[in-house]
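Below is one structure, written out as structure tokens; comments come after it.
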Amino acid sequence: MKISRIIILILFLIVNSLDVYSLPRFAVRLGDKCIDCHYNPTGGIMRNENGFFYGQNLLSLISPRTKDFSMSPNLNENVSFGLDFRGQILYSQEKNKADFQRMVGSVYGRVGLSKKINILARYDFIQDIWEAYGIAQVLPNNSYIKAGTFQPNFGIRLDDHTAYTRGGDFFLLFEKGARVGSIYNPFYIETGVELGAYISNFVFLTASVGTNHNNRTFAKDPTFTARLELTPTIGKAGFTFGGSYVAAKVPQKTNIYAGFVGFGFGRFSVLGEFDVAEDLMAPDVKTHVLMVEAGYIILVGLEAYARYDWLDPNINADKDDVAHLILGFEFIPYSFIEIRPQYRFVLEDAGLDNNSFVLQFHFWY
């Protein structure tokens, strides 16, 4: 697929998705930043008070009245907790069978040492993954220093790792049995240091250096990651655009360049990312990756979305690219409960019966 076709595809989806809405859905639609809802400035793990209030009262079809049933993640003024659990029912045409899968089961903790210094931790007891780091917002304009074990800030951080810009199909529901996606699967974390600078109210720059937790000490050089994001607003319209770069060792040396854009207005939003990866799939091979996702809030608690993922593992080879189209809904009937049905069309060969259906359950607090 040539670059011109990629550009046409992006424009087509944007023009035809003015009634759609995408992920990360909150920030681009509201014109907010990750730190407006999370203690972690790059998003994920513990929600702060704003994020908890938003999830409790503004996302779901039905929310509990505080006077009838109060909720709080705070154990006291300085200590709070959280949790995430995801599971799903899968049906694969390729395998002609259904199965159940535990995806994520994480507990979170936060200890506030001061208004500007927090210690955050996550343990996934299903995948046996630890994250723990400290964040000190002691630099000018609430800029920060982060140190510990965390996922570096790269590209658009979707919560669905099956996007090829994240972890891809991850060995499941794909007949070739090979990894199809970038390095940012649910297991990819690094131990290191990150610096985040709010250059202005809508310019955010992060840079980190760390070592993949799968690498032995002194066995590999550190990984360097940088990301620049601009989030201007014009009236009620929110925009995001920027770029990322990573020089990783996983296990071979890999360079990935990413550009991303996003638009949100009212119930509508759309996001896109295009990556160029060097030596990701094999030495001396260049890879192109595309993600475009859009969605629309039908009513409070119910959203429709669509995502197109495309990957050309070797731009110098013919007919090796793969793609899939995902159509689905996100239904939040009650606070902190989500049901997500989706159907995945695999597009690389019309003669193969390898589509799949997923019904995902998500509980968080």
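The values are calculated or read from the model by the stated rules, or taken from the named source; none is laboratory data. Remember, it's a predicted structure, so these values are computed and weren't measured experimentally. When we count neighbours, we look across all protein chains shown, and the Cβ atoms used for this are built from the backbone with ideal geometry, even at glycine. The area values use the complete protein model at the heavy-atom level, side chains included, leaving out ligands, DNA and RNA. Shrake-Rupley method; radii C 1.70, N 1.55, O 1.52, S 1.80 Å.
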Residues of region 295-318 satisfying the condition of being out of contact with any Asp or Glu (no Cβ under 9 Å at 6 or more places or on another chain) and either in a strand (DSSP E or B) or of a type in the set (Phe, Trp, Tyr) (or both): ILE298, LEU299
Close pairs (6 angstrom Cβ cut-off, 6 or more residues apart or separate chains): part of a strand (DSSP E or B) in region 62-91, surrounded by 11 or more Cβ atoms within 10 Å (Cβ to Cβ) and of a type in the set (Phe, Trp, Tyr) anywhere: ILE62/TYR334; GLY82/TYR108; GLY82/TYR365; LEU83/TYR365; ASP84/TRP364; PHE85/PHE363; GLY87/PHE361; TYR91/PHE357
Residue in region 305-318 that is farther than 30 Å from GLY55 by Cβ, in contact with a helix residue (DSSP H, G or I) (Cβ under 9 Å, 6 or more places away or on another chain) and at pLDDT 95 or above present: no
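Look at region 96-106 and say how many of its residues are open to solvent by 70 Å² or more (accessible area, probe 1.4 Å) and either part of a strand (DSSP E or B) or closer than 20 Å to GLY167 by Cβ (or both).
Keep residues of region 96-106 that are open to solvent by 70 Å² or more (accessible area, probe 1.4 Å), which gives 96-97, 99-100, 102.
Then drop every residue that is not either part of a strand (DSSP E or B) or closer than 20 Å to GLY167 by Cβ (or both), which leaves 97, 99-100, 102.
Of the residues in region 96-106, 4 are open to solvent by 70 Å² or more (accessible area, probe 1.4 Å) and either part of a strand (DSSP E or B) or closer than 20 Å to GLY167 by Cβ (or both).
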Pick from region 248-266, criterion open to solvent by less than 30 Å² (accessible area, probe 1.4 Å) and modelled with pLDDT of 95 or more, ranking: farthest from ALA27 (Cα to Cα): ILE256
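Against the definition (hydrophobic (A, V, I, L, M, F, W, C), crowded, with 22+ Cβ neighbours inside 10 Å and under 15 Å from the mean Cα position of the chain (by Cα)), how does VAL270 come out, yes or no? Break it down stepwise before answering.
Details: hydrophobic (A, V, I, L, M, F, W, C): yes; crowded, with 22+ Cβ neighbours inside 10 Å: yes; under 15 Å from the mean Cα position of the chain (by Cα): yes.
Yes; evaluated as a whole, the condition is true for this residue.
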Selected residue (criterion: surrounded by the fewest Cβ atoms within 10 Å (Cβ to Cβ)) from residues of region 294-345 that are among the polar types (S, T, N, Q) and within 19 Å of LEU280 (Cβ to Cβ): ASN316
The lone exception for SER92 - which of (1) open to solvent by less than 30 Å² (accessible area, probe 1.4 Å); (2) over 30 Å from ASN354 (Cα atoms); (3) touching a Ser or Thr at 6+ places or on another chain (Cβ under 7 Å); (4) not basic (Lys, Arg) it fails: (2)
Filtered residue count, region 31-63, keeping only those that are touching a Phe, Trp or Tyr at 6+ places or on another chain (Cβ under 8 Å), open to solvent by 40 Å² or more (accessible area, probe 1.4 Å) and closer than 25 Å to THR149 by Cα: 2
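For region 123-139, which residues satisfy the criterion of being within 14 Å of THR191 (Cβ to Cβ) and either open to solvent by 30 Å² or more (accessible area, probe 1.4 Å) or hydroxyl-bearing (Ser, Thr, Tyr) (or both)? Don't jump to the end; show me each part of the working.
So the first thing to find is which residues in region 123-139 are within 14 Å of THR191 (Cβ to Cβ), and the list is 129-134.
Those that are within 14 Å of THR191 (Cβ to Cβ) and either open to solvent by 30 Å² or more (accessible area, probe 1.4 Å) or hydroxyl-bearing (Ser, Thr, Tyr) (or both): TRP130, ALA132, TYR133.
Among the candidates LEU280, LEU352, which residue alone is open to solvent by 10 Å² or more (accessible area, probe 1.4 Å) and not in a strand (DSSP E or B)? Spell out how you get there, then give the answer.
Details: LEU280 fails: open to solvent by 10 Å² or more (accessible area, probe 1.4 Å).
Unique residue meeting the criteria: LEU352.
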Matching residues in region 110-165 - criterion: being hydroxyl-bearing (Ser, Thr, Tyr), in contact (Cβ under 8 Å) with a residue 60 or more places away in the chain and over 23 Å from LEU205 (Cα atoms): THR162, TYR164
Region 173-225 - residue that is open to solvent by less than 50 Å² (accessible area, probe 1.4 Å) and of a type in the set (D, E, K, R) and, of those, modelled with the lowest pLDDT: GLU190
Residues that are in a loop (DSSP other than H, G, I, E, B), of a type in the set (S, T, N, Q) and within 20 Å of GLU77 (Cα to Cα), drawn from region 107-142: SER114, GLN137
